[in-house]
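The next block holds one structure in the form of structure tokens; read it before the comments.
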Amino acid sequence: MNYWQGKKVRLRGIEPADAGHFIRWNLDSERARYLDFVWPPISDAAVRAWAEEKSQQKLTGDAFHWVIESENGEPAGSISTHDCNPRYGTFSYGVDVAPEHRAKATPARPFCWCWAITLGSYATRK
């Protein structure tokens, strides 16, 4: 059994090859409005460098960024935690699901995993 994998989705680390998906996703301004704000255009090379950096990032602290992968191995979006404060047991998160996967309820399971791991780890520290 793999805790990070369900019947229809799994969470995995960002790989350099995912840059193309993030480049495509970043072009959707309507989608960006729901995440944070509409970021200005950046070069494809910058996104590739970001994906390379994320793929090499060590697990430190409680801030993570994963790709949500569908049952057929296709990246369906991403989920991340940030602004984590174990002392107070608080964190922020972001979920981004590609439009073609939204109707499939793809993000529900990864969100539950993310929530349970972060809050569960905070509860054991108190």
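The values are calculated or read from the model by the stated rules, or taken from the named source; none is laboratory data. Everything numeric in this text was worked out from a predicted model, so none of it was measured. Heads up, the Cβs are rebuilt from the backbone with ideal geometry, glycines too, and the neighbour counts pull from every protein chain shown.
Could you grab me the full set of residues in segment 3-22 that are at pLDDT below 95 and part of a loop (DSSP other than H, G, I, E, B)?
Those that are at pLDDT below 95 and part of a loop (DSSP other than H, G, I, E, B): Y3, W4, G6, K7, K8.
Here are some conditions: (1) within 16 Å of S80 (Cβ to Cβ); (2) touching a residue at least 12 places away in the same chain (Cβ under 8 Å); (3) small (G, A, S). A32 meets all but one. Which one does it not meet?
Unmet condition: (2).
If A108 meets every condition in (1) of a type in the set (A, V, I, L, M); (2) modelled with pLDDT of 60 or more; (3) surrounded by 13 or more Cβ atoms within 10 Å (Cβ to Cβ) apart from one, which number is that one?
(2)
Looking at the structure I just gave you, is E74 touching a residue at least 40 places away in the same chain (Cβ under 8 Å), of a type in the set (D, E, K, R) and within 15 Å of L11 (Cα to Cα)? Steps first, answer last, please.
On the way: touching a residue at least 40 places away in the same chain (Cβ under 8 Å): no; of a type in the set (D, E, K, R): yes; within 15 Å of L11 (Cα to Cα): yes.
Criteria not met by E74.
With respect to E69, determine if the residue is loosely packed, with under 15 Cβ neighbours inside 10 Å and either closer than 20 Å to P99 by Cβ or at pLDDT 90 or above (or both).
No: the conditions fail for E69.
Yes/no per residue for (1) surrounded by 13 or more Cβ atoms within 10 Å (Cβ to Cβ); (2) among the small types (G, A, S); (3) more than 15 Å from the chain's Cα centre (by Cα):
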| position | (1), (2), (3) |
| --- | --- |
| K8 | yes, no, yes |
| R31 | yes, no, no |
| F37 | no, no, yes |
| A63 | yes, yes, no |
| G89 | yes, yes, yes |
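Going by the structure shown, is V67 touching an Asp or Glu at 6+ places or on another chain (Cβ under 8 Å) and among the aliphatic types (A, V, I, L, M)?
Working: touching an Asp or Glu at 6+ places or on another chain (Cβ under 8 Å): yes; among the aliphatic types (A, V, I, L, M): yes.
Against the criterion (touching an Asp or Glu at 6+ places or on another chain (Cβ under 8 Å) and among the aliphatic types (A, V, I, L, M)), V67 qualifies.
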